[in-house]
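Enquirer: This is the structure, below, for whatever I ask next.
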Amino acid sequence: MKITANKVAVIHYSVSTSDDTLIDSSYDHEPLPVIFGSGYLIPGLEEALDGHEVGDKFEVTVPPEKGYGERFDDYVQTVPKEMFADIEDLDVGAQLRATTDEGEQTVIVVDMTEDTITVDGNHPLSGMDLKFDVEVLEVRDATADELEHGHVHGEGGCGHSH
Ligand code: ZN
């Protein structure tokens, strides 16, 4: 069975930067089940998975425009620290939810002074060529429930409250 729209694909993957720095690997935890074509994966990975079958292993390099987007310098903003006065453990590297002109956004603290804090609203993996090693473990039809919910169910059915 090939991976096509509305199939559930269970994959193992590892992703690294173009200079081979490992970013994340499902081999360290559980394989990733996805409904193919649901938009859960970045476009470059969906394209690469299309038509593959159980047992296939492949490598694909995904450019920013098919991954997490380009980096935008104006997503980096320095603001008065008092804007985040109610947050404990504020430190470089912390992820915050911030309300911006574009709505709720996750930002990462990249610099701090006594009075200011600099946050970066770019996705941490934006602007990078990402190298994926992918292994297809399972391909099956998605159930009607899964398609309706838009996510994969485990053995016990839906683990979410709907
Ligand atoms: Zn569900």
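Enquirer: Considering only residues of the stretch 119-131 that are out of contact with any Phe, Trp or Tyr (no Cβ under 7 Å at 6 or more places or on another chain) and either within 22 Å of Ser18 (Cα to Cα) or at pLDDT 95 or above (or both), which is surrounded by the most Cβ atoms within 10 Å (Cβ to Cβ)?
Expert: Leu130
Enquirer: Could you tell me which residue of the stretch 115-141 is nearest to the chain's Cα centre (by Cα), considering only residues that are part of a strand (DSSP E or B) and among the aliphatic types (A, V, I, L, M)?
Expert: Leu130
Enquirer: Return the pairs, sorted by first residue and then second, in which the second residue is within 7 Å of the ligand (Cβ to nearest atom), the first residue lies in the stretch 142-162 and is at pLDDT below 90, the beta carbons are less than 8 Å apart, and the residues are 6+ apart or on different chains.
Expert: Gly157/Asp145; Cys158/Asp145; Cys158/His149; Gly159/His153; His160/His149; His160/His151; His162/His149
Enquirer: Okay, next question. Is it true that some residue in the stretch 110-122 is of a type in the set (Asp, Glu), closer than 30 Å to Val54 by Cα and touching a helix residue (DSSP H, G or I) at 6+ places or on another chain (Cβ under 8 Å)?
Expert: no
Enquirer: Can you name the strands (runs of 3 or more DSSP E) wholly within the stretch 1-114 that have at least 3 residues being farther than 30 Å from Thr143 by Cβ?
Expert: 76-80, 95-100, 103-112
Enquirer: Let me ask something else about it. Report the residue count in the stretch 56-95 for those that are among the acidic types (Asp, Glu) and open to solvent by less than 60 Å² (accessible area, probe 1.4 Å).
Expert: Final tally of qualifying residues: 1.
Enquirer: Right, something else. Of all residues in the stretch 105-131 being closer than 30 Å to Lys81 by Cα and touching a Pro at 6+ places or on another chain (Cβ under 9 Å), which is farthest from the ligand (Cβ to nearest atom)?
Expert: Looking at residues that are closer than 30 Å to Lys81 by Cα and touching a Pro at 6+ places or on another chain (Cβ under 9 Å), I get Asp115.
Table: residues versus (1) without any contact (Cβ under 8 Å) to a residue 12 or more places away in the chain; (2) over 21 Å from Gly154 (Cβ atoms); (3) under 18 Å from the mean Cα position of the chain (by Cα).
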{"residue": "Ile3", "(1), (2), (3)": "no, no, no"}
{"residue": "Asn6", "(1), (2), (3)": "no, no, no"}
{"residue": "Ile11", "(1), (2), (3)": "no, no, yes"}
{"residue": "Val15", "(1), (2), (3)": "no, yes, yes"}
{"residue": "Ile23", "(1), (2), (3)": "no, yes, yes"}
{"residue": "Pro33", "(1), (2), (3)": "no, no, yes"}
{"residue": "Gly37", "(1), (2), (3)": "no, no, yes"}
{"residue": "Glu47", "(1), (2), (3)": "no, yes, yes"}
{"residue": "His52", "(1), (2), (3)": "no, yes, no"}
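Enquirer: Shifting gears a bit: Out of everything in the stretch 132-157 that is open to solvent by 70 Å² or more (accessible area, probe 1.4 Å) and over 24 Å from Val62 (Cα atoms), what residue ends up being farthest from the ligand (Cβ to nearest atom)?
Expert: Restricting to residues being open to solvent by 70 Å² or more (accessible area, probe 1.4 Å) and over 24 Å from Val62 (Cα atoms), the top hit is Asp141.
The values are calculated or read from the model by the stated rules, or taken from the named source; none is laboratory data. Please read these numbers as outputs of a predicted model, since none were measured by experiment. All Cβ positions, glycine included, derive from the backbone under ideal geometry; neighbour counts span all protein chains shown. Surface areas here come from the heavy atoms of the whole protein model, side chains and all, with no ligands, DNA or RNA. Shrake-Rupley method; radii C 1.70, N 1.55, O 1.52, S 1.80 Å.
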